[in-house]
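Student: Got a structure for you, written out below as structure tokens; questions coming shortly.
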Amino acid sequence: MPSGRYDANSAWTVIAALAHNLARWATLIGLPNRPVQTARTRRRQLLSVPGRLLTSSRQWTLKLPARWPWKTDFHTVLDALRAIPALT
């Protein structure tokens, strides 16, 4: 664990578990017909985005490389997550 204190280590473990579960659910919702990916593959393909965040007129835009092999998967997952209705 990164720290020598029990409280800090337990908080770090909870945050790591939440991040893993969120990434897993995002993959399952966005790419339901794909086989289950390992955490390393998921991080390499969907979370390590080689893009740039640009701002213009107070609006953020993510600019992805044209030949990035997982561009369609990234857009599919992002569109599926955006299509989930907000809780009211």
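Laboratory data are not the source of any read-out in this text; all were calculated from the coordinates shown. Just so it is clear, the structure is predicted and the values come from calculations on it, not from any experiment. Glycine gets a Cβ as well: all are built from the backbone with ideal geometry, and neighbour counts include every protein chain shown.
Student: For the range 23-38, name all the residues that are free of Cβ contacts under 8 Å to residues at least 40 places away in the same chain, within 17 Å of His75 (Cα to Cα) and surrounded by 10 or more Cβ atoms within 10 Å (Cβ to Cβ).
Tutor: Just the residues of the range 23-38 that are free of Cβ contacts under 8 Å to residues at least 40 places away in the same chain, to begin with: 23-25, 28, 32-38.
Filter once more, so that each one left must be within 17 Å of His75 (Cα to Cα): 23-25, 28, 32-34.
The answer is Ala23, Arg24, Trp25, Leu28, Arg34.
Student: Just to be sure I understand, how many residues within the range 41-60 are exposed (fewer than 11 other Cβ atoms within 10 Å of the Cβ) and more than 16 Å from Leu22 (Cβ to Cβ)? Working first, answer last.
Tutor: Start the filter on the range 41-60 by keeping residues that are exposed (fewer than 11 other Cβ atoms within 10 Å of the Cβ), which leaves 48, 50, 52-60.
Now restrict to residues that are more than 16 Å from Leu22 (Cβ to Cβ): 50, 52-60.
Adding up the residues that qualify gives 10.
Student: Tally time: how many residues in the range 17-37 are assigned to a loop (DSSP other than H, G, I, E, B) and of a type in the set (A, V, I, L, M, F, W, C)?
Tutor: Keep residues of the range 17-37 that are assigned to a loop (DSSP other than H, G, I, E, B), which gives 31-37.
If we keep only those that are of a type in the set (A, V, I, L, M, F, W, C) as well, we get 31, 36.
Matching residues across the range 17-37 total 2.
Student: For the list (1) loosely packed, with under 12 Cβ neighbours inside 10 Å; (2) among the aromatic types (Phe, Trp, Tyr); (3) within 12 Å of the chain's Cα centre (by Cα), I need the number of the one condition that Tyr6 fails.
Tutor: (3)
Student: Among the residues of the range 63-88, count how many are surrounded by 12 or more Cβ atoms within 10 Å (Cβ to Cβ) and either under 21 Å from Ala19 (Cβ atoms) or of a type in the set (S, T, N, Q) (or both). I'd like the intermediate steps shown before the answer.
Tutor: Within the range 63-88, the subset surrounded by 12 or more Cβ atoms within 10 Å (Cβ to Cβ) is 64, 68, 70-71, 73-78, 80-81.
Cutting the leftovers down to either under 21 Å from Ala19 (Cβ atoms) or of a type in the set (S, T, N, Q) (or both) gives us 70, 73-74, 76-78, 80-81.
Total satisfying the criteria: 8.
Student: Give the range 38-88 a look and list any residue that's under 17 Å from the mean Cα position of the chain (by Cα), among the hydroxyl-bearing types (Ser, Thr, Tyr) and not in a loop (DSSP other than H, G, I, E, B), or say none. Lay out the reasoning, then the answer.
Tutor: Within the range 38-88, the first condition is being under 17 Å from the mean Cα position of the chain (by Cα), and the residues that meet it are 38-53, 61-64, 68-84.
Then drop every residue that is not among the hydroxyl-bearing types (Ser, Thr, Tyr), which leaves 38, 41, 48, 61, 72, 76.
Once the filter is applied, which keeps residues that are under 17 Å from the mean Cα position of the chain (by Cα), among the hydroxyl-bearing types (Ser, Thr, Tyr) and not in a loop (DSSP other than H, G, I, E, B), the range 38-88 yields Thr41, Thr61, Thr72, Thr76.
Student: Report every pair of residues separated by at least 6 positions or lying on different chains whose Cβ atoms are under 7 Å apart, first residue within the range 39-59 and without any contact (Cβ under 8 Å) to a residue 12 or more places away in the chain, second of a type in the set (Val, Ile, Thr).
Tutor: Leu54/Thr61
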